[in-house]
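What follows is calculated from the coordinates using simple rules that are stated; it is not laboratory data. Just so we're clear, the structure is a prediction, and the values are computed from it rather than from any experiment. Here Cβ is always computed from backbone atoms with ideal geometry, including for glycine, and neighbour counts include all displayed protein chains.
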Amino acid sequence: MEGAARGEARCVTVIAGDGIGPEVVSAARRVVEATGVALTWEVCEAGERVFARGLPSGVPQETLDSIQRTRVVLKGPLATPIGSGQKSANVTLRKLFETFGNVRPIREMPGVATPFSGRGIDLVVVRENVEDLYAGIEHLQTPGVAQCLKIMSRKGCDKIVRLAFEIAVAEGRRRVHCATKANIMKLTEGMMKRAFDDIALEYPTIEARHILVDNCAHQLVRSPETFDVLVTSNMNGDILSDLTSGLIGGLGFAPGANIGADIAMFEAVHGSAPDIAGRNVANPTALILSAAMMLRHTGALDAARAVEDATLATLEQGVHTADVRAEGSISTTAFTDAVIENLGRHATTTRAREHREVRMPRLSPARDYVRAERRRTAGVDVFIEAASSPEELGQSLERIAEDTAFRLKMISNRGTKVYPAVSAATDCVDHWRCRFVLRDAAPEREVDLAILALVARVALQHRWMHLEKLLEIDGVEAFTKAQGED
Ligand code: NAD
């Protein structure tokens with residue numbers, strides 16, 4: 001670690017990262033330092049080299065301690081091994097510090113010609129950053145069937161939706177789109193839609209529009225200029241923000257911030273780009289603009305504006321790295337020199353946006369953020385591994401449940417009802433969701449014990465791997481039906 005805080009200077013944790021990380025982080029540091037802002041760096045490690053030392057999280061304790069101290073991070077991309085057991089060090093950092101909001105502004109860059117040039121693209125993707133499929137809770141349930149749990153909380157939805165509206169207010173934006181797949185995933189994605197519908201009422205001057213995420217991808221390409229703020233869940237946001245980067249010239253131009261109540265980490269949207277690493281050709285714009293967001297976050301507003309204006313001016317002059325054009329392009333370091341040279345200038349066609357401080361959402365810290373008046377267990381889904389036919393399995397389970405508190409209502413295979421038979425077309429695998437419903441209402445404690453007794457009987461004949469209670473919360477079914485289930 002180097003660079004302990006001196007006097008009044010703000011201290012920032014800096015992580016060079018993997019691949020092109022060291023090149024673009026160095027560029028951003030040089031530009032920030034050239035503004036003369038009072039800032040010192042604590043240089044920390046995370047990513048590939050840490051994995052290689054055998055630390056499975058990829059993030060050493062010294063780095064975590066530094067972030068706790070400084071509360072502000074400038075980081076390069078961290079490579080994640082694909083398919084092996086190691087978790088993403090990025091996701092670990094985001095989750096450990098509860099940086100729930102991933103803010104990714106996208107605007108047309110002067111001097112960077114794209115098929116969308118002149119359309120005035122200027123939007124910000126606000127992506128939920130810690131929940132959803134990226135909670136990373138996965139299980140191989142049979143040797144050939146895997147599951148990933150999509151966890152979304154009402155509190156998480158409220159936080160990200162409020163942040164999106166607050167960003168709209170702070171930046172003088174007029175419209176917030178919420179992109180979900182609520183038509184299919186009614187309880188998870190639907191929760192974000194419900195949060196959006198409710199919270200939008202508190203911001204009557206901002207136009208609120210829900211859009212299905214697939215159509216959102218379509219509309220972002222057809223008419224990107226109609227988007228202003230776009231709030232969405234973690235995986236949707238991951239994909240859509242790479243798409244929006246593509247609209248303005250590519251990942252080299254897309255900055256980002258991971259924001260939490262106390263800690264913020266600034267990084268580009270792009271990854272470690274191993275295909276161009278170590279060649280001094282990467283475009284540092286995204287990380288330089290991320291550093292500008294960091295400066296703004298720390299209150300260094302003039303320095304932030306100077307960095308943004310100098311970067312836009314440089315691009316407008318036609319100074320470009322190889323991702324923009326191969327002929328006449330310049331190196332990462334030469335581009336950085338040009339930005340430093342341009343500090344104090346601004347582009348003729350566009351200026352850095354006006355920003356006011358974003359009011360961070362402060363929600364109740366209660367763990368039971370949503371409370372129910374009434375709840376009842378209506379049954380249980382027992383997940384079973386079996387190579388048999390739906391008919392054989394169904395008849396076996398009917399016999400097992402015969403004199404229990406439950407009856408077998410149906411069996412589904414990958415979400416489609418297959419017993420009692422609906423159609424013969426389902427290409428069944430060895431993973432069955434067997435839905436048992438309570439015959440007669442009973443006290444909750446008795447229902448719990450009856451479930452355990454049922455599972456004990458099932459276990460004598462079948463391999464089960466997972467249980468899910470079927471709840472009714474405040475009189476409403478808290479589970480979805482299978483495709484084809486009545
Ligand atoms: P990537 O973003 O690294 O690269 C995608 C493409 O864009 C490549 O062709 C690359 O050369 C190009 N590109 C990216 N940034 C560029 C830049 N600044 N200048 C010029 N060209 C640039 O995506 P990937 O290849 O899918 O991922 C590589 C690694 O990065 C993976 O290990 C992945 O897990 C990791 N990753 C990390 C982060 C992060 O740290 N936040 C984000 C995304 C991916």
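Available extension along the chain between R463 and I151 is 109.7 nm, counting 0.36 nm per residue and deducting the alpha carbon span. The long axis of helix 189-200 is offset from the longest Cα principal axis of the chain by roughly 60 degrees. Among the chymotrypsin sites (Phe, Trp or Tyr not before Pro) in the stretch 289-397, those located in a DSSP loop and surrounded by at most 14 other Cβ atoms within 10 Å of their own Cβ are Y369. Cβ-to-Cβ counts within 10 Å put M294, M235 in ascending order as M235, M294, the fewest first.
For the stretch 273-328, trypsin sites (Lys or Arg not before Pro) meeting the loop criterion (DSSP other than H, G, I, E, B) and having at most 13 other Cβ atoms within 10 Å: R279, R325. Computed about the Cα centre, the dipole magnitude for the stretch 74-186 is approximately 200 debye when only Lys and Arg (+1) and Asp and Glu (-1) carry charge, each at its Cβ.
The angle separating the long axis of helix 213-222 from the principal Cα axis of greatest extent in the chain is about 30 degrees.
Within straight-line reach of K186, meaning a Cα separation under 28 Å, sit the following lysines at least 8 residues removed in sequence or on another chain: K95, K150, K155, K159, K409, K417, K469, K481. Cβ crowding within 10 Å ranks T142, T332, T232 as T142, T332, T232, fewest other Cβ atoms first.
Only sites in a loop by DSSP and with at most 11 other Cβ atoms within 10 Å count here; which trypsin sites (Lys or Arg not before Pro) in the stretch 30-60 make the cut? Answer by residue number: R53. Each residue of the stretch 18-35 was assigned a 3J(HN,Hα) from its phi angle through the Karplus expression (A = 6.51, B = -1.76, C = 1.60, θ = phi - 60°), giving 10, x, 7, x, x, 5, 7, 5, 4, 4, 5, 4, 4, 5, 4, 4, 5, 6 Hz with x at Gly and Pro. Compared with the dominant Cα axis of the chain, that is its longest principal axis, helix 234-247 is turned about 40°.
In plain terms, the residue of M410, M109 with the fewest other Cβ atoms within 10 Å comes first and the most crowded comes last, giving M410, M109. Basic side chains Lys and Arg get +1 at the Cβ, acidic Asp and Glu get -1 at the Cβ, and with that the dipole of the stretch 1-153 about its Cα centre reaches some 160 debye. Since only L74, G101, V59 are under comparison, the one whose Cα sits farthest along the positive direction of the charge dipole of the stretch 25-118, derived from C-beta charges on Lys, Arg, Asp and Glu, is G101.
Only helical runs count toward this figure. For the chain, summing -39,500 (n - 2.57) over DSSP H runs of n ≥ 4 and dividing by all residues gives -10000 deg cm²/dmol at 222 nm. For the pair I184 and V437, what calculated FRET efficiency results from E = 1/(1 + (r/R0)^6), where r is the Cβ-Cβ distance and R0 = 22 Å, to the nearest 0.05? That gives a FRET efficiency of 0.40. Length available on full extension from I473 to E446: 0.36 nm per residue minus the Cα-Cα distance, which gives 7.9 nm.
Here the spin labels are modelled as points 7 Å beyond Cα on the Cα-Cβ line, and at V429 and E354 they lie 5.5 nm apart. Computed about its Cα centre, the charge dipole of the chain is approximately 600 debye, with only Lys, Arg, Asp and Glu carrying charge at their Cβ.
Computed from backbone phi, the HN-Hα couplings of the stretch 161-168 come to 5, 4, 4, 4, 5, 5, 5, 4 Hz, rounded to whole numbers (Karplus: 6.51 cos²θ - 1.76 cosθ + 1.60, θ = phi - 60°; Gly and Pro given as x).
Length gained on full extension, R119 to D368, computed as 0.36 nm times the residue gap minus the Cα-Cα distance: 85.1 nm. Residue farthest toward the positive end of the dipole of the chain, with Cβ of Lys/Arg at +1 and Asp/Glu at -1: which of A313, V324, G252? Projecting each Cα onto the dipole axis, the largest value belongs to A313.
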